[in-house]
Structures are given as C-alpha cells and as structure tokens.
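The values are calculated or read from the model by the stated rules, or taken from the named source; none is laboratory data. Note that the structure is a prediction, hence the values are computed from the model and not measured. Backbone-built Cβ (ideal geometry, glycine too); neighbour counts: all protein chains shown. Please note that ligands, DNA and RNA were not included when accessible areas were found on the heavy atoms of the full protein model with its side chains. Shrake-Rupley method; radii C 1.70, N 1.55, O 1.52, S 1.80 Å.
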Amino acid sequence: MANLAIIPARGGSKRIPRKNIKVFLGKPIIAYSIEAAIQSNLFDEVMVSTDDEEIAQIAKEYGATVPFLRSKNNANDFAVLADVVQEVVSKYKENNKNFDNICCILPTAPFVTSKKINEAYTTFIDNNFDSVFPVLEFSFPIQRSLKIEADKVAMVWSEHLNTRSQDLESRYHDSGQFYWLKSTSFNNNKKLFTDNSGAIIISELEAQDIDTETDWKLAEIKYKLLLND
C-alpha cells in the first residue's frame with residue numbers, strides 16, 4: 001500500500017513566534033516529526049505542507065519534501081487540519097499521485113516516535129479502521145468536573161457527587177500528535193475520525209500541548225525525563 005506522511009507547518013504563530021521551527025532541545029521542533037516519519041520506514045513520501053520558505057528549507061534539510069507551498073486560504077488562523085490534508089491530497093491527485101493511507105503528523109509533537117507510528121499503523125490496518133490516533137487518559141475523572149455559574153460552583157454531572165473515582169470509567173482525549181487516515185474514508189467524510197476509528201493509548205508523560213512558553217518548558221522537561229527513563 002502507498003502511504004503518505006503530511007506534516008502541516010504554517011509560518012504564522014502568534015502565541016509562540018516561529019513555533020514550528022523554534023529550537024527544542026538542540027534542533028527545530030519540526031525535525032522530530034520528520035525524523036520519526038522517515039525512521040518508521042512506512043512512507044513512500046514524507047512531505048511538509050507550509051506557506052513559509054524558511055520552514056520549507058529546514059524541512060528539506062531534515063529529509064522531507066516540499067513539492068508545493070500551501071495556499072493562503074489554508075495558511076490563516078481559521079484553517080482546520082482536515083482542509084490542509086484535503087488540499088495536499090488534491091494537489092498530489094492533480095499530478096497523478098494517489099495514496100492508500102495518509103498519516104498527518106503535527107510539527108510540534110516531539111514525543112512522536114517511529115515506534116508509535118508503527119504501533120498505530122498496525123492497529124489501523126489489522127482492524128480496518130478509518131483512522132487511528134494516540135490518546136491519553138484524563139488525569140482526573142471528568143465525571144467529577146465542576147462548572148462556575150453566577151460565581152457559584154456546581155457539579156457538571158451531579159449524579160457523581162458521591163461516586164468514588166475508582167468506580168468511574170476512564171475517559172480519554174486526543175494527544176494532538178498524529179492521525180492515520182484511510183484515504184477513501186477521508187475523501188468521503190473530510191474528518192479525522194469517524195464512528196469507525198481506533199486509538200493507541202499513551203501515558204501523560206508522552207504528550208504535552210504546546211501553546212505557550214510554559215507549555216514549551218514543560219515539554220522539554222518531560223522529554224528529558226523520557227530520555228532518562
């Protein structure tokens with residue numbers, strides 16, 4: 001089967017300037033995603049979708065291709081990931097290149113490894129899923145979550161006020177690292193996951209949202225802890 005890795009990395013970033021190529025423990029953060037994809041040996045091509053010439057140059061230095069630049073419509077603050085993937089797929093199709101499966105790997109995901117990509121791919125293929133992505137368990141049961149209305153605190157689900165944490169079912173959230181997608185399903189649904197999607201479970205130490213400078217520092221601390229584990 002033909003597999004394509006897409007790493008979406010636009011130039012604009014307001015909260016962390018030049019976020020996608022900011023140095024993370026010695027090299028541009030996007031390099032981690034590129035190297036993990038290449039080392040997985042699963043892809044016919046590892047490409048970066050960007051509107052930025054500097055990002056394109058760095059991507060090429062680490063082994064990715066940049067066959068075209070992203071359109072302005074998909075490089076603004078309102079562009080969603082599915083639209084970016086669709087644009088890439090359409091561009092390749094115009095050049096008579098089609099892929100059975102796509103793996104969209106985010107550029108600020110230094111915890112992604114070739115091992116995880118392969119594990120998710122095995123789950124994806126063996127179960128004939130439309131998509132597969134890494135998830136992690138909420139660190140505190142969301143069934144015990146609170147809300148504040150008119151300055152007063154209340155339970156979101158009051159029926160769990162006296163339920164023991166250990167009696168509550170685990171709940172998970174998207175790690176925001178990568179998504180394996182079956183091309184036929186994605187072309188039909190334009191969604192990253194459907195009612196026929198699966199997941200691999202990762203630990204809290206293996207993921208970190210990186211939206212602020214504090215997030216960045218926490219990610220570096222976690223990464224160092226994993227290296228020494």
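A compact table of results
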{"read-out": "Those trypsin sites (Lys or Arg not before Pro) in the stretch 153-229 that DSSP places in a loop and that have at most 10 other beta carbons within 10 Å", "value": "ARG164"}
{"read-out": "q = 0.22, 0.23, 0.28, 0.31 Å⁻¹: log10 I(q)/I(0) that the Debye formula gives for the stretch 30-79, counting C-alpha atoms only", "value": "-0.78, -0.83, -1.03, -1.13"}
{"read-out": "Listed residues LEU81, LEU42, ASN128: farthest to the positive end of the dipole of the chain (Cβ charges)", "value": "LEU81"}
{"read-out": "Two-site label geometry, SER139 and LYS22: point separation in nm, points 7 Å out along Cα→Cβ", "value": "1.9 nm"}
{"read-out": "The stretch 72-122, accessible area per residue, ligands and nucleic acids excluded (1.4 Å, Å²)", "value": "50 Å²"}
{"read-out": "HN-Hα J in Hz across the stretch 81-96 - Karplus 6.51, -1.76, 1.60, θ = phi - 60°, x for Gly and Pro", "value": "4, 4, 5, 5, 4, 4, 4, 4, 4, 5, 5, 5, 4, 4, 9, 6"}
{"read-out": "Inter-label distance for LYS14 and ASN188, nm, one decimal - labels placed 7 Å from Cα along Cα-to-Cβ", "value": "3.8 nm"}
{"read-out": "Heavy-atom SASA rank of GLU87, GLU119, GLU61 (probe 1.4 Å, accessible area, largest first)", "value": "GLU61, GLU119, GLU87"}
{"read-out": "Computed magnitude of the charge dipole of the stretch 13-91 (debye, nearest 20; Cβ of K, R +1, Cβ of D, E -1)", "value": "360 debye"}
{"read-out": "Percent carbon-and-sulfur accessible area, the stretch 181-229, ignoring ligands, DNA and RNA, probe 1.4 Å", "value": "51 percent"}
{"read-out": "Estimated vicinal HN-Hα couplings, Hz - the stretch 130-145 in sequence order (Karplus 6.51, -1.76, 1.60; Gly, Pro = x)", "value": "6, 7, 9, 8, x, 10, 9, 6, 4, 6, 9, x, 5, 5, 9, 5"}
{"read-out": "Student exercise, the stretch 88-141 dipole from Lys, Arg, Asp, Glu Cβ charges, in Debye to nearest 20", "value": "260 debye"}
{"read-out": "Candidate residues THR50, THR65, THR108, THR214: accessible-area rank, largest first, probe 1.4 Å", "value": "THR214, THR65, THR108, THR50"}
{"read-out": "Sites ASP126 and ASP229, calculated FRET efficiency, Cβ-Cβ separation with R0 45 Å, nearest 0.05", "value": "0.95"}
{"read-out": "Two-decimal log10 I(q)/I(0) for the stretch 1-96, as the Debye equation yields it once each C-alpha is a single scatterer, q = 0.21, 0.23 Å⁻¹", "value": "-1.11, -1.29"}
{"read-out": "Computed accessible area, ASP151, all protein chains, 1.4 angstrom probe, square angstrom", "value": "150 Å²"}
{"read-out": "Distance (nanometres) between label positions extended 7 Å along Cα→Cβ at SER90 and LYS147", "value": "3.8 nm"}
{"read-out": "Rg [Å, one decimal], Dmax [Å, integer] - the stretch 134-192, C-alpha atoms", "value": "17.1, 49"}
{"read-out": "Cα-based shape type of the stretch 129-229, given that a ≥ b ≥ c are square roots of the gyration tensor eigenvalues and the cut on a/c is 1.5", "value": "oblate"}
{"read-out": "Value in Å of the Kirkwood radius, where the chain supplies the Cα pairs that are averaged", "value": "18.9 Å"}
{"read-out": "Ranked order, LEU146, LEU106 - accessible area, probe 1.4 Å, largest first", "value": "LEU146, LEU106"}
{"read-out": "Per-residue SASA entry for GLU35, accessible area with 1.4 Å probe, Å² rounded to 10", "value": "50 Å²"}
{"read-out": "Restraint check, LYS97/LYS191; LYS19/LYS224; LYS22/LYS190; LYS147/LYS217, Cα-Cα greater than 26 Å", "value": "LYS22/LYS190; LYS147/LYS217"}
{"read-out": "Relative contact order, percent, the chain [alpha-carbon distance under 8 Å, six or more residues apart]", "value": "23 percent"}
{"read-out": "Point-charge dipole on Cβ atoms (K/R +1, D/E -1) for the chain, about Cα centre, debye to 20", "value": "380 debye"}
{"read-out": "Environment charge at LEU168 (Cβ cut-off 15 Å; Lys +1, Arg +1, Asp -1, Glu -1)", "value": "-1"}
{"read-out": "Whole-Hz ³J(HN,Hα) from phi, Karplus 6.51 cos²θ - 1.76 cosθ + 1.60, for the stretch 162-173, glycine and proline x", "value": "10, 7, 5, 4, 5, 9, 9, 5, 5, 10, 10, 9"}
{"read-out": "ASP51 long-range amide H proximity, modeled H, under 5 Å", "value": "GLY11, ARG70"}
